[in-house]
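Shown below is the structure under consideration.
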Amino acid sequence: MHTPVTANGGEKETDMAKTYTCRDVGVDCDWKAAAQDENVLMAKIEQHAAQAHPTIVLTPDLVAAVRGAFKDN
Ligand SMILES: [Zn+2]
């Protein structure tokens, strides 16, 4: 799996947000988050997971699944 290289040409205010909900990866949780940048979104998810799902270990496989569940808003 390659890390997508996104052109960083200016910051559009809307349209390009990535969204994520825990349910997308099968977690029984309605938490959702959005960010322009998937690395920023991933950081939010890591923070949420540490607080709300301390039993879930963010393995590389799970991180890949989480990233795969991101939706373009
Ligand atoms: Zn959650």
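How do 21, 59 rank when sorted from fewest to most other Cβ atoms within 10 Å of their own Cβ?
Numbers: 21 15, 59 9.
Ranking 21, 59 by Cβ neighbours within 10 Å, fewest first, gives 59, 21.
Let me ask something additional. For the residues 56, 45, what sequence is obtained by ranking on other C-beta atoms within 10 Å, fewest first?
Values: 56 14, 45 24.
In order of increasing Cβ crowding within 10 Å: 56, 45.
Tell me, 67, 23 in order of fewest to most beta-carbon neighbours within 10 Å?
Fewest-to-most Cβ neighbours within 10 Å comes out as 23, 67.
What does the charge add up to near residue 63, with Lys and Arg as +1, Asp and Glu as -1, over the other residues with Cβ less than 12 Å from its Cβ?
Within the 12 Å Cβ shell, the charges total -2.
Coordinate-derived values only; no laboratory data. A quick note: this is a predicted structure, and the numbers were derived from the prediction, not measured. Positions of Cβ are generated from backbone atoms using ideal geometry, with glycine treated the same way; all protein chains shown enter the neighbour counts.
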